[in-house]
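J.: Can you read through this structure? Questions will come right after.
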Amino acid sequence: MDEHLTDDLALPAGAAVSEQRLIVEARLARGTGDGSPLRLLPPFAEPDDSVLPARLHDLELATLPYAVFVIAATGRIEDANPFAEMLLGYSRDELVGHRMDLLISSIARPRSSRVANDRVWFVPAETGASARHRCGREMPVEVTMCPHDRGSSIAIVRALGDDRLGLREVDVAQIVHDLKNPLATMSLETCLLDDNLARGDQTGARSAVARITRNIEFLDRMVEDLLDSCSIDAGHFEIHRQPTELRAMIERVVERTVATRDRDRVTVVALHPIVLAIDDLRIERVIANLLGNALKYAPRGPITVRLERTETVARLSVTDSGPGLTSPEMAYVFDKYRRATAAHGLTGNGLGLYVSKKIVETHGGLIGVDSVPGDGSRFYFELPTT
């Protein structure tokens with residue numbers, strides 16, 4: 001990072017709160033495209049200073065709908081929000097203390113004398129601004145910089161291509177990575193099984209075959225999610241209904257997706273059989289996605305799968321005792337390629353819940369989540385009974 005990036009960023013007395021309010025509200029005009037500073041466009045109502053914090057880091061960075069970094073005068077990251085974690089593939093703890101210029105390039109403040117007194121500036125992708133994901137891939141970004149406190153600064157980063165391209169490079173890289181993990185596991189298990197059988201040793205053969213089978217099922221579900229995602233984007237997504245008994249379906253999913261060692265942790269509560277006209281294969285995948293996530297994020301606690309019926313809907317819920325979700329995470333957890341903070345280091349491409357939502361909605365139902373950080377989550381979906 002340019003050593004002069006934050007040399008003269010102190011705000012004049014009385015200006016800090018209003019300047020920061022403009023940034024927090026994300027009411028930022030478009031840049032000129034040549035690296036010149038951002039111009040703030042009217043009209044802007046003067047904020048009520050009595051209800052605003054004195055410093056930006058007193059606000060909830062997680063509520064801002066962009067990747068946000070707090071950068072010290074030394075050029076090292078002091079704080080980052082969940083969107084920043086997803087943009088770069090690192091956790092907040094890994095980002096704090098890291099040099100910003102090694103992760104986001106070309107964000108130095110312009111030195112031109114004509115912008116010497118400007119306090120907010122914009123760095124377009126055309127100048128070479130790019131973000132380097134953990135996997136090594138780079139993506140073009142737009143960056144808005146503004147002063148913060150004691151020589152530090154705020155960087156608001158937006159990756160280009162989210163809306164204009166079906167898959168970003170980083171998304172493709174993540175999907176390829178997630179496909180390779182089960183393939184590597186199956187390859188290793190197959191080699192070990194082959195060696196043992198060649199020696200006449202059948203110890204552990206059944207468990208090895210079970211692990212291979214579960215990884216094949218995971219791959220199949222991931223490929224189906226990708227295919228459905230493409231159909232949804234193209235507007236060609238269709239479902240094929242047939243009468244299906246939901247309680248039996250849940251039992252099949254549990255039997256197929258839950259490892260023997262985890263079977264005692266999963267409780268199914270389904271007092272009455274419920275028959276609905278649904279696309280059984282796709283609804284099975286929704287249940288498998290919810291149950292798989294619960295097993296992944298709550299690796300030791302109890303999990304309850306509950307089926308109940310009201311006068312108008314059949315409701316299925318999966319409740320876990322995992323880390324839970326924050327309010328901002330609940331707002332985007334069903335979005336495409338979006339993953340919660342707790343997902344770092346865990347297999348997943350951010351498509352499962354997105355596709356599950358589309359499947360349920362195409363059936364005329366709804367899907368949602370209730371969660372409290374530290375107290376687990378309850379994912380549920382409802383399907384109309386008439």
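The values are calculated or read from the model by the stated rules, or taken from the named source; none is laboratory data. Worth saying up front: this structure is predicted, and the values here are computed from it rather than measured. In this analysis, Cβ positions are derived from the backbone assuming ideal geometry, glycine residues included, and neighbour counts consider all displayed protein chains.
J.: Please go through (1) in a helix (DSSP H, G or I); (2) out of contact with any Pro (no Cβ under 9 Å at 6 or more places or on another chain); (3) surrounded by 10 or more Cβ atoms within 10 Å (Cβ to Cβ) for Asp262 and return the number of the only condition it doesn't satisfy.
T.: In the conditions (1) in a helix (DSSP H, G or I); (2) out of contact with any Pro (no Cβ under 9 Å at 6 or more places or on another chain); (3) surrounded by 10 or more Cβ atoms within 10 Å (Cβ to Cβ), Asp262 misses (2) alone.
J.: On to the next question. May I ask you to list pairs of residues, at least six apart or on different chains, whose Cβ atoms are under 6 Å apart, with the first in region 283-310 being outside any helix (DSSP H, G or I) and the second being among the acidic types (Asp, Glu) and at pLDDT 90 or above?
T.: Ala298/Asp320; Ile303/Asp320
J.: Let me ask something additional. Return yes when Gly348 is modelled with pLDDT under 90 and on the phi > 0 side of the Ramachandran plot and no when it is not.
T.: Spelling it out, Gly348 is indeed modelled with pLDDT under 90 and on the phi > 0 side of the Ramachandran plot.
J.: Now for a different question. May I ask you to say which residue of Arg168, Arg111, Arg132, Arg164 is assigned by TED's automatic domain parsing to the domain that holds Val68, among the charged types (D, E, K, R) and either within 19 Å of Ala73 (Cα to Cα) or modelled with pLDDT under 85 (or both)?
T.: Every option except Arg111 fails the conditions.
J.: Without any contact (Cβ under 8 Å) to a residue 60 or more places away in the chain, farther than 22 Å from Gln242 by Cβ and surrounded by fewer than 19 Cβ atoms within 10 Å (Cβ to Cβ): is that true of Asp320 in this structure?
T.: It is false that Asp320 is without any contact (Cβ under 8 Å) to a residue 60 or more places away in the chain, farther than 22 Å from Gln242 by Cβ and surrounded by fewer than 19 Cβ atoms within 10 Å (Cβ to Cβ).
For every residue, the table says whether it meets (1) surrounded by 13 or more Cβ atoms within 10 Å (Cβ to Cβ); (2) outside any helix (DSSP H, G or I); (3) modelled with pLDDT of 80 or more; (4) on the phi > 0 side of the Ramachandran plot.
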residue	(1), (2), (3), (4)
Thr185	yes, no, no, no
Leu188	yes, no, yes, no
Cys191	no, no, yes, no
Arg221	yes, no, no, no
Leu226	yes, no, no, no
Pro243	no, yes, yes, no
Met249	yes, no, yes, no
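J.: Out of the residues in region 82-96 that are part of a loop (DSSP other than H, G, I, E, B) and not hydroxyl-bearing (Ser, Thr, Tyr), state the one that is nearest to Arg134 (Cα to Cα).
T.: Taking the candidates together, the pick is Gly89.
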